[in-house]
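Visitor: Below is the structure I would like to discuss, written out as structure tokens.
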Protein chains: 4
Amino acid sequence: MKRIGILTSGGDAPGMNAAVRAVTKTAIHHGLEVFGIRYGFAGLVAGDFIPLTTADVDHKINLGGTFLYSARFPEFAQEEVQKKGAEQLRKHGIDAVIVIGGDGSYHGALALTRLGINSIGLPGTIDNDIPYTEYTIGYDTASTTAMDAIDKIRDTASSHHRVFIVNVMGRGCGDLAMRVGLASGADGIVIPERPYDVKKIAETLKHGFAEGKDHGIVVVAEGVMTAEEFREELLKYGDFDARANVLAHMQRGGSPTVEDRVNATKMGNYAVNLLLNGKGGLAVGMEHGELNTHDILDLFEAKHQGDFTLLDVNDEMTKLD
Amino acid sequence: MKRIGILTSGGDAPGMNAAVRAVTKTAIHHGLEVFGIRYGFAGLVAGDFIPLTTADVDHKINLGGTFLYSARFPEFAQEEVQKKGAEQLRKHGIDAVIVIGGDGSYHGALALTRLGINSIGLPGTIDNDIPYTEYTIGYDTASTTAMDAIDKIRDTASSHHRVFIVNVMGRGCGDLAMRVGLASGADGIVIPERPYDVKKIAETLKHGFAEGKDHGIVVVAEGVMTAEEFREELLKYGDFDARANVLAHMQRGGSPTVEDRVNATKMGNYAVNLLLNGKGGLAVGMEHGELNTHDILDLFEAKHQGDFTLLDVNDEMTKLD
Amino acid sequence: MKRIGILTSGGDAPGMNAAVRAVTKTAIHHGLEVFGIRYGFAGLVAGDFIPLTTADVDHKINLGGTFLYSARFPEFAQEEVQKKGAEQLRKHGIDAVIVIGGDGSYHGALALTRLGINSIGLPGTIDNDIPYTEYTIGYDTASTTAMDAIDKIRDTASSHHRVFIVNVMGRGCGDLAMRVGLASGADGIVIPERPYDVKKIAETLKHGFAEGKDHGIVVVAEGVMTAEEFREELLKYGDFDARANVLAHMQRGGSPTVEDRVNATKMGNYAVNLLLNGKGGLAVGMEHGELNTHDILDLFEAKHQGDFTLLDVNDEMTKLD
Amino acid sequence: MKRIGILTSGGDAPGMNAAVRAVTKTAIHHGLEVFGIRYGFAGLVAGDFIPLTTADVDHKINLGGTFLYSARFPEFAQEEVQKKGAEQLRKHGIDAVIVIGGDGSYHGALALTRLGINSIGLPGTIDNDIPYTEYTIGYDTASTTAMDAIDKIRDTASSHHRVFIVNVMGRGCGDLAMRVGLASGADGIVIPERPYDVKKIAETLKHGFAEGKDHGIVVVAEGVMTAEEFREELLKYGDFDARANVLAHMQRGGSPTVEDRVNATKMGNYAVNLLLNGKGGLAVGMEHGELNTHDILDLFEAKHQGDFTLLDVNDEMTKLD
């Protein structure tokens, strides 16, 4: 192996650049050449490759987004398109590829591996919804952005004794909502994986105001319903001065946190070592605080398991009477 | 004059607490007693007064929101309710009042002055929409919050070559949109006070992409239309991958910036001195960087003048061909 | 058990307030009363106790420092002083105590347990230097503060092609330096637990500049030497434009991060449950991402184990020729 | 005039990149070509010029430091070196130059103008120490960074009832110390332009603690003495638990604030217009909130005037008994 490629795919996530940097610097340390593949699998098929040196990644560790760009490219599900991609790589002498992205990207990595180009997948998404990993690159920064926004919202909620219903991202996964909710002292946290009880949340809010609390916060995962929809449900159970808020796309950006930079760096470094050891078709993750690998195939049959004890802890801090 | 009251009214704004602190500390320096009036004019009529010492405001300068709380109270437009308020003040020996809030609050301050309680209005609103002042308490923090959010949004916009339409607050006033737009390097800024040209903004965006820009940002004041409405108009002029974003209530909160803390402190200090000099019925503002006062009556007949040269500067940095 | 006390001891750390909040809310959920013991063990002996309600902790989760205050009190090493403390607790009907602090505080918690007052220790220090735990409350916020400062320093380093030597805290423990160094893309990381090689760091810096890097960063744990001392050593190996920086006490403060709020909340909640189960003399920690407990006695004979693979990863991203 | 150059000189300051971006975009709007001159006057003499397009400045508005780099170059005081510089410019067809930097850079701008290359100086320094301007590019960001650091320091000060003496930058100018001090609620502010009274500050601190304040902050401009020196003086007047802190170089970096981006943009835009009107040898500044120009020659004979009313306001919020 003399030359490796790296691409980012799917929605961007803070820390992707830190991972690209770590891949680049680790690979160069081991005497390899590195090529950045721009615009994900679309760029792979088009041959949009740029050489990466250590100087190129000098100022990337603290940068949100992905400087290699990303792009939707459903065509890569077709075998002939995959073959074109593998051809492009061979033409450029690229022996192996590291793919950073959501679970969609793993299909591409597996396809390349089957076509003889060892590929490793790194979990890059703010949604934390990938199987066999408790952490995805970008998850901590998105949590931080959402929490910081709710800290600000709390100021205005308190000034007016209001309740704010806040939508956070996460698609079908409630991890972001749970973590942000717990960190924000939310009175209620609503996620897709568990039933929710609007009446109980209304009671909690009322009880809080009765005890002297001056505001209420409910964090609702976007995968359940819109904040406005929840607000309407809530108003059936009480006469709250309630407002709906959607944090939206700012959660995808921003300079990555310590956690995201450190983990992205460790994962990027690890992925190069896997390639050096001749591995392919693997997904890197983190379980019990340690890096792991799983066959990508296994991921397709599994489902991400969130840490639902966060919900239990939040419940156990609530007393209704 | 031995005892003064202070209240916050209308929507909360970062820096209100810094102003309350400055009023409290300046008044105590001059041997006065200070009472916080909670919940704005509602609390004034209800007699919800709390004594304020220097220790009470010890940790308030960096706090968003208003720890005196605010509340809607349209009833204060009625003369009999105003009289009840003045009575409450007299009953508690309060000789003068400082009111921090939007232009609604000035009516209350004027009414109290006419009833013999000298009152001074301080401009407290993130909207920067008060006549005879180029600055209102909270405006700089709200600008900062909006700009920080757009900095994050730019990361994801760039990663995907997208255009983001971002709604910022400001009600009928375009100042926030202009300042945030200029600070965010927006391709277009849309405000209520000036006609806008969607076609020209679309051309600017296209030209940017053609020249190698990897994203587009359009800042739209909420007083013009929703981001989604603008997005739909924009799509008539080009096939953009465009998303709509509403920054919403987070713009109202957060720890105040240097500018807001310094100005709120200067204004609070100044207002106490006005009262010490027997003044009432005045609104404090800032023109050409200096504190000023105007009769509150004058404000009702005037309109805030924004600095529209910001738009001109933005236009003069755009080249279409 | 009807009433529990909680105190913070040693140096303050962001997240202590979140832990106090979680203890208070969990205890009240279970029908217990909670008393805050102010000024650590000094206040315990003096009987400086304040009742805590849910409203009292309403705005504490996002607050740095410790609102219960902390204080040095070496006298608590004496058995008679310990007995006085236990007496005070009994007099106030307090059956059990939760202590949040550095390893010094564990001695106090053990002493109380031996005197019949079940006590649980929570790891609260930015230094991450407590045995049997990979995480201490405040560690993530301190890492974040240090990293943010270095991000700013990098701007000026790059503008002038300078090298900055930055001292971070951690006392005898290198965890903060390692994590911050990796997250900051440092060219060198110097910690107390491992030998360091100034010459090699000088070579790395020279190599970086030769390759086109426009700055250099070396993170030095305060437990090794001052930044200025390192700077002088460095200059023996090259003609760098090098500056020394000490980040100092700002690393102790600030609003806690998501990670610190979530972990502090989980730990506070867990500690109450331990007390409810009749446990005492235990230290709560986190290993492999899960909460654990150890006999406090065991901690006195053990040493914290850092994750030195972070150093290895950093080394493996460096290439000298 | 067909081609202009732009350089940054002296210490870097946040907002310099925003100014370079504004110059570039405004000049291109007017049909000019723009060259970035790297490494200040050193690069000017060496002919280190790079063409700048709108795409080149696409991601610069939010970037701290100066991407054109800066460098010390005292040799430019010599006439023959100045002539070499002018020659380089002519060789490259550059008709005019915009210089962003501290007062040192104005000498260079004037020299070039006298040699027939119209040059305009923009005030770029965090120190706010330039005559005939109340604002310099970077001043607001540095104020913000210092205030944020002190907000964190206050947390730990409060937890331990400590006094912190904090050194902020500013060289011979006290503006940064005054503004940061007022925004941080400092008990004392010490600047070079005014006598200071350690005894009075000690009394203020004691009085504060006596009244229930839980911490003390004194902001000392680096131009007066070190924080440690002040601490030693302070201890003569009281038995404080006092610590010294030097904020140092982080004050020079960081993403610019709204104020710095907006003002840098306005000034960059304005400078191009001055050149278009055939002006040279002028320094741009801001007085009473409006852009102004002065002959550079006048600056050499004048001294920056700070707004010392900030000190008076701080004094008027202090009551000793």
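Visitor: Residue by residue, what Karplus-based ³J(HN,Hα) values in Hz, rounded to whole numbers, does the stretch D:260-266 have, using 6.51, -1.76 and 1.60 with θ = phi - 60° and x for Gly and Pro?
Guide: Couplings: 5, 5, 5, 5, 4, 5, 4 Hz.
Visitor: Label points 7 Å out from Cα along the Cβ direction at residue D:279 and residue D:92: separation in nm?
Guide: 2.4
Visitor: Considering all projection directions equally, how large on average is the shadow of the alpha-carbon convex hull of the protein assembly as shown, in square nanometres?
Guide: 46.5
Visitor: Let me ask something else. Could you size up the charge dipole of the stretch B:155-225 around its Cα centre, putting +1 on the beta carbon of Lys and Arg and -1 on that of Asp and Glu, and report it in debye to the nearest 20? Please report the intermediate quantities before stating the final value.
Guide: On the way: 8 positive and 9 negative charges, 22 e Å.
With only Lys, Arg, Asp and Glu charged at Cβ, the dipole is about 100 debye.
Visitor: Here is a further query. With Kirkwood's inverse mean 1/r over C-alpha pairs for Rh, give me the Rg to Rh ratio of the stretch A:211-281, two decimals please. Before the final figure, lay out the partial values.
Guide: On the way: Rg = 21.3 Å, Rh = 16.6 Å.
A ratio of 1.28.
Visitor: Over the Cα atoms of the stretch A:139-251, what is the Rg over Rh ratio if Rh follows Kirkwood? Walk me through the numbers before you get to the answer.
Guide: On the way: Rg = 12.7 Å, Rh = 13.6 Å.
Using Cα coordinates only, the ratio equals 0.93.
Visitor: Let me ask something else. Please work out the Cα center distance from the stretch A:19-84 to the stretch B:1-36, rounded to the nearest Å.
Guide: 57
Visitor: A follow-up question, please. Which parts of the stretch B:66-81 would a label at residue B:114 reach, counting a residue when its backbone N lies under 11 Å from a point 7 Å out along Cα-to-Cβ?
Guide: B:77-80
Visitor: Let me ask something else about it. Hey, how many Å between the Cα centroid of the stretch D:265-288 and the Cα centroid of the stretch A:248-289?
Guide: 48
Visitor: Moving to a separate point now. Using alpha carbons only, what's the Rg to Rh ratio of the stretch D:235-316 with Rh from Kirkwood?
Guide: Across the stretch D:235-316, the Cα-based Rg/Rh ratio is 1.14.
Visitor: Now, a different point. Quick check: the distance between the Cα centres of the stretch A:181-228 and the stretch D:105-123, to the nearest angstrom?
Guide: So the separation of the two Cα centres works out to 62 Å.
Visitor: Another question about this same structure. By Cβ position, which chain A residue lies least far from the axis that rotates chain A onto chain B, and what is the distance to the nearest whole angstrom?
Guide: Of all Cβ atoms in chain A, the one nearest the axis gives A:246, 3.
Visitor: Report the equivalent ellipsoid semi-axes for chain A in whole Å, largest first, defined as the square roots of five times the eigenvalues of the gyration tensor built from alpha carbon atoms. Don't skip to the end; give the middle numbers.
Guide: Details: eigenvalues 353, 63, 52 Å².
The equivalent ellipsoid of chain A has semi-axes of 42, 18, 16 Å.
Visitor: Label position 7 Å from Cα toward Cβ: report the copy-to-copy distances for residue D:47 in nm, one decimal, ordered from shortest.
Guide: Inter-copy label distances (nm, one decimal, shortest first): 3.8, 8.7, 8.7.
Visitor: Put a label point 7 Å from Cα along the Cβ direction on residue C:74, then list its distances to the equivalent points in the other copies in nm, shortest first.
Guide: Sorted ascending, the copy-to-copy spacings read 5.0, 6.8, 7.2 nm.
Visitor: Measuring label to label, 7 Å along Cα→Cβ, what does residue D:276 give against each other copy in nm, shortest first?
Guide: From this label point to the equivalent ones elsewhere in the assembly: 5.0, 5.7, 7.1 nm.
Visitor: So who's got an amide H within less than 5 Å of the one on residue A:33, skipping anything under 5 residues away but keeping other chains? H placed 1.01 Å off N, in plane.
Guide: So residue A:33 has HN proximity to A:3, A:4.
Visitor: Restricting attention to the stretch C:63-151, which chymotrypsin sites (Phe, Trp or Tyr not before Pro) occupy a DSSP loop and are surrounded by at most 16 other Cβ atoms within 10 Å? Each step should come with its number before you reach the end.
Guide: Details: sites: C:67, C:69, C:76, C:106, C:132, C:135, C:139; in loops: C:67, C:69, C:132, C:135.
Passing both the DSSP loop test and the Cβ count: no residue.
Visitor: For residue D:287 and residue D:200, calculate 0.36 nm times their separation in residues minus their Cα-Cα distance, and state this gained length in nm to one decimal. Present the calculation step by step, with values, prior to reporting the outcome.
Guide: Numbers: separation 87, 0.36 × 87 = 31.32 nm, distance 3.34 nm.
Result for the pair: 28.0 nm of gain on full extension.
Visitor: What longest region of chain D stays clear of trypsin sites (Lys or Arg not before Pro) that DSSP places outside H, G, I, E and B and that have at most 14 other Cβ atoms within 10 Å? Working shown, then result.
Guide: Working: sites that count: D:2, D:236, D:303.
Here the longest segment lacking exposed loop sites spans D:3-235.
Coordinate-derived values only; no laboratory data. Everything quoted here is computed from the prediction, not taken from an experiment. Quick reminder, even Gly has a Cβ in these numbers, built from the backbone with ideal geometry, and neighbours come from all protein chains shown.
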